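Reading through the structure tokens given below for one structure.
The values are calculated or read from the model by the stated rules, or taken from the named source; none is laboratory data. Just so we're clear, the structure is a prediction, and the values are computed from it rather than from any experiment. Note that each Cβ is placed from the backbone with ideal geometry, even for glycine, and that neighbours are counted across all protein chains shown.
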Ligand SMILES: Cc1cc2nc3c(=O)[nH]c(=O)nc-3n(C[C@H](O)[C@H](O)[C@H](O)COP(=O)(O)OP(=O)(O)OC[C@H]3O[C@@H](n4cnc5c(N)ncnc54)[C@H](O)[C@@H]3O)c2cc1C
Ligand SMILES: *[C@@H]1O[C@H](CO)[C@@H](O)[C@H](O)[C@H]1NC(C)=O
Ligand SMILES: *[C@@H]1O[C@H](CO)[C@@H](O)[C@H](O)[C@H]1NC(C)=O
Ligand SMILES: *[C@@H]1O[C@H](CO)[C@@H](O)[C@H](O)[C@H]1NC(C)=O
């Protein structure tokens with residue numbers, strides 16, 4: 001009996017703490033809402049953009065852009081408020097009021113951050129949600145477009161195709177990805193301007209815009225594409241000489257003509273020749289800005305082991321190649337690209353860069369490790385071409401010259417809860433560990449858009465340069481220092497922060 005006493009004390013202490021923190025949160029919410037109301041223009045009322053947990057639409061607004069079900073759990077920390085900005089002045093009000101009380105602000109455009117950093121935090125926080133601000137203005141005469149951050153890539157591709165069938169824009173494959181996070185994460189060189197603050201331009205283009213401000217819109221250069229492009233998707237298992245083909249691909253992929261792009265998707269499937277056995281399947285997925293005849297001749301010269309023939313190829317328009325790449329039937333109405341919701345799964349991603357071809361024996365060893373683990377997939381994305389011609393300091397994105405290809409580790413699952421998450425994240429880390437001998441070192445480089453908090457985090461509220469340097473060097477290499485200097489100059493109080501933002505210099 002006596003032993004139950006301390007438990008009661010602990011319990012009541014805990015509930016008292018909970019009560020205090022709930023009261024603190026609601027006081028914070030109240031003064032913050034009042035500040036937003038005080039700082040909004042009568043011509044653009046802000047009240048209809050405010051969602052607190054009492055609002056019946058709060059949960060659906062929060063869930064509408066969650067793109068990783070790991071962060072749709074009951075135990076996922078939730079914002080005390082969501083502001084779905086309807087006008088630029090709402091963004092300004094959010095910054096003014098949050099800065100006044102040093103409240104953690106999370107900025108969300110498409111919500112595709114792999115670690116949920118745009119809508120989850122360990123401290124009390126609110127979400128500035130940009131999804132309503134998604135106008136797209138395509139100007140074919142100047143071959144440019146203004147795109148607001150809340151637009152998706154699919155919306156952008158579709159709006160370009162409405163105006164021209166000989167223009168496109170080279171960015172992510174998945175059409176539901178948001179422009180705000182994606183262009184701010186870099187790797188794409190056609191961004192030429194952003195609306196808000198010009199001096200930040202270098203930093204925002206790939207430096208992780210959320211460290212520097214809220215981007216309202218990007219101006220982009222459109223890219224000319226031929227009326228007819230060619231795509232193919234050809235899958236080969238180990239029994240079909242996949243290793244020979246990967247080996248040929250890895251020696252030529254970064255040197256192929258600039259208008260040919262071949263991505264490899266590598267997964268584990270049942271063997272068709274031996275029941276109860278698994279094999280590795282490599283899917284060669286390609287976009288060529290030209291016709292199938294020329295494509296076949298380039299392929300047979302460079303990767304003869306694939307044995308590509310014209311019957312493997314589909315000639316189509318650029319906009320339909322987008323459908324093909326994202327696994328949508330190529331003859332679907334192109335306005336499926338306006339659908340903002342992908343099919344949702346629980347997921348974990350990681351990234352790596354490869355600088356030298358992997359020895360054949362290495363490839364075979366990797367396949368065996370993949371067969372053991374079964375679930376994690378690898379995607380190889382070639383670099384080189386025009387990317388290698390851009391100086392590593394031209395934008396914060398440093399991973400151009402010297403890289404043959406980028407690896408994305410892809411693990412998806414369908415059960416909720418921490419146990420399943422730990423299991424599948426564990427498999428992903430294991431494969432990442434196996435890849436160590438074959439990928440970049442000192443630092444082991446990583447791609448910001450494939451957000452991975454395994455690389456280190458800066459704890460919210462007590463941001464440190466030392467913590468920030470750990471992941472910062474991996475994402476930005478030598479450009480990290482320049483980003484820190486810009487950050488220290490433009491945001492010395494480190495208001496624009498998240499778990500992997502650019503830190504300020506220590507005093
Ligand atoms: C299902 C899925 C498919 C994907 N497919 C691809 C792909 O094909 N190719 C590829 O390269 N990547 C892909 N990604 C990764 C994607 O490019 C990045 O996650 C990208 O950052 C997402 O942008 P977002 O606006 O959707 O994300 P968000 O989660 O809204 O934002 C990501 C980061 O940017 C910040 N941010 C967002 N908007 C702004 C803004 N307006 N101003 C300042 N900071 C901002 C956020 O705070 C956060 O830190 C995919 C991700 C998912 C979940
Ligand atoms: C997200 O979680 C909510 C609340 O548990 C649930 O109702 C909703 O179906 C979930 N969303 C998805 C896509 O599973
Ligand atoms: C695999 O390669 C060998 C040797 O080059 C060849 O004889 C065989 O036909 C190939 N198999 C397949 C399925 O392409
Ligand atoms: C693969 O084989 C297993 C049995 O070994 C079977 O249960 C499973 O359904 C098969 N998967 C597919 C996609 O055929």
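Quick look at the numbers
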| item | result |
| --- | --- |
| Check on residue 29, in a helix (DSSP H, G or I) and either farther than 20 Å from residue 102 by Cα or within 12 Å of ligand 2 (Cβ to nearest atom) (or both) | no |
| Filter result for residue 81 (within 14 Å of ligand 1 (Cβ to nearest atom) and at negative phi) | no |
| Which numbered condition residue 310 misses (of (1) in contact with a helix residue (DSSP H, G or I) (Cβ under 8 Å, 6 or more places away or on another chain); (2) within 18 Å of residue 382 (Cα to Cα)) | (2) |
| Residue match in the range 314-323 (condition: within 16 Å of ligand 3 (Cβ to nearest atom), modelled with pLDDT of 95 or more and buried (at least 20 other Cβ atoms within 10 Å of the Cβ)) | no |
| So residue 166, is it surrounded by fewer than 22 Cβ atoms within 10 Å (Cβ to Cβ) and either without any contact (Cβ under 8 Å) to a residue 12 or more places away in the chain or under 30 Å from residue 290 (Cβ atoms) (or both) | yes |
| Number of the exception - residue 128 against (1) buried (at least 23 other Cβ atoms within 10 Å of the Cβ); (2) within 11 Å of residue 79 (Cβ to Cβ); (3) more than 23 Å from the chain's Cα centre (by Cα) | (3) |
| Residue check for residue 344: modelled with pLDDT of 95 or more, surrounded by 17 or more Cβ atoms within 10 Å (Cβ to Cβ) and outside any strand (DSSP E or B) | no |
| Residue in the range 288-309 that is part of a strand (DSSP E or B) and away from ligand 3 (no atom under 16 Å from the Cβ) present | yes |
| Sole exception among (1) in contact with a strand residue (DSSP E or B) (Cβ under 6 Å, 6 or more places away or on another chain); (2) surrounded by fewer than 22 Cβ atoms within 10 Å (Cβ to Cβ); (3) in the same structural domain as residue 37 (by TED's automatic domain parsing); (4) farther than 30 Å from residue 348 by Cα for residue 159, by number | (3) |
| Every residue from the range 388-404 that is crowded, with 19+ Cβ neighbours inside 10 Å and out of contact with any helix residue (DSSP H, G or I) (no Cβ under 6 Å at 6 or more places or on another chain) | 395, 397, 399, 403 |
| Any hit, the range 246-268, residues being within 16 Å of ligand 3 (Cβ to nearest atom), part of a loop (DSSP other than H, G, I, E, B) and buried (at least 20 other Cβ atoms within 10 Å of the Cβ) | no |
| Selection status of residue 287, crowded, with 19+ Cβ neighbours inside 10 Å and either within 26 Å of residue 112 (Cβ to Cβ) or more than 16 Å from ligand 2 (Cβ to nearest atom) (or both) | yes |
| Subset of the range 448-479 that is touching a strand residue (DSSP E or B) at 6+ places or on another chain (Cβ under 8 Å) and modelled with pLDDT of 95 or more - its residue that is nearest to residue 173 (Cα to Cα) | 450 |
| Some residue of the range 48-57 being more than 24 Å from residue 491 (Cβ to Cβ), part of a helix (DSSP H, G or I) and modelled with pLDDT of 95 or more | yes |
